[in-house]
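These notes concern the structure reproduced below.
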Amino acid sequence: MRRLGQIPNWQKVFIYGSLFSCALSGILYLFHSELNELASILSSRMVLTIHGISGGLMLIVFGILLTAHFRAGWLSQNNRLTGVLQLISLVILIVTAYLLYYGSGSIRDVVLTVHYVFGFLFIFFLGCHLAFRKNSPKIHQNIASISLRT
């Protein structure tokens, strides 16, 4: 029996795999383009391609989490702060990603900086979310025992 809002193992693998590849490619792009490091190791185009594909997978992750995990966490009142901070960060990352791809060149530098900052904040908030989850008391409730439709 799973706890309320607990993510199935196959979804965890998909979520963490998508998050890891997105975060790693974003960090590699930051080092490659902004700090002029790793130039001989990876091309910026390849890194951005990986980042774009994994970012698309993160949109699927966002949908997976919205369907039950966010709602169940809110109703159970566990990790609300870190969950909301992750949600806000992820929405800002989605908006800035679209602005980087489709937006005007005149705002690119500002949007890129915001995207970097919230990318790192998202990873930090996820770490806090996981750390606080491990320290919180385990309330074993059957998923069917609480209606998610209220």
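What follows is calculated from the coordinates using simple rules that are stated; it is not laboratory data. Worth saying up front: this structure is predicted, and the values here are computed from it rather than measured. Note that we place each Cβ from the backbone using ideal geometry, even for glycine, and neighbour counts take in every protein chain shown.
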Original post:
Between L81 and Y102, what length comes free when the chain is fully extended (0.36 nm per residue of separation minus the Cα-Cα distance, one decimal in nm)?
Top reply: 4.4 nm
**OP:** State, to one decimal in nm, how far the label point of F70 lies from the label point of W10, with both points 7 Å from Cα in the Cβ direction.
**Re:** 2.4 nm
Original post:
Quick one: if you stick a label point 7 Å off each Cα along the C-beta vector at L24 and I60, how many nm between them?
Top reply: 1.8 nm
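If you scale each eigenvalue of the Cα gyration tensor by 5 and take the root, what three semi-axes come out for the stretch 40-81, rounded to whole angstrom and sorted largest first?
34, 11, 5
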Subject >> Calculated from backbone phi, Karplus (6.51, -1.76, 1.60) coupling profile of the stretch 81-97 in Hz, x at Gly/Pro >> reply: 4, 5, x, 5, 5, 5, 4, 4, 4, 5, 5, 5, 4, 5, 5, 5, 5
**OP:** Tabulate in residue order the Karplus-calculated ³J(HN,Hα) for the stretch 48-61, using 6.51 cos²θ - 1.76 cosθ + 1.60 with θ = phi - 60°, rounded to whole Hz; enter x for Gly and Pro.
**Re:** 5, 5, 4, 5, x, 5, 5, x, x, 5, 5, 5, 5, 4
Original post:
R45 versus C128, label points 7 Å from Cα toward the beta carbon: distance in nm?
Top reply: 4.0 nm
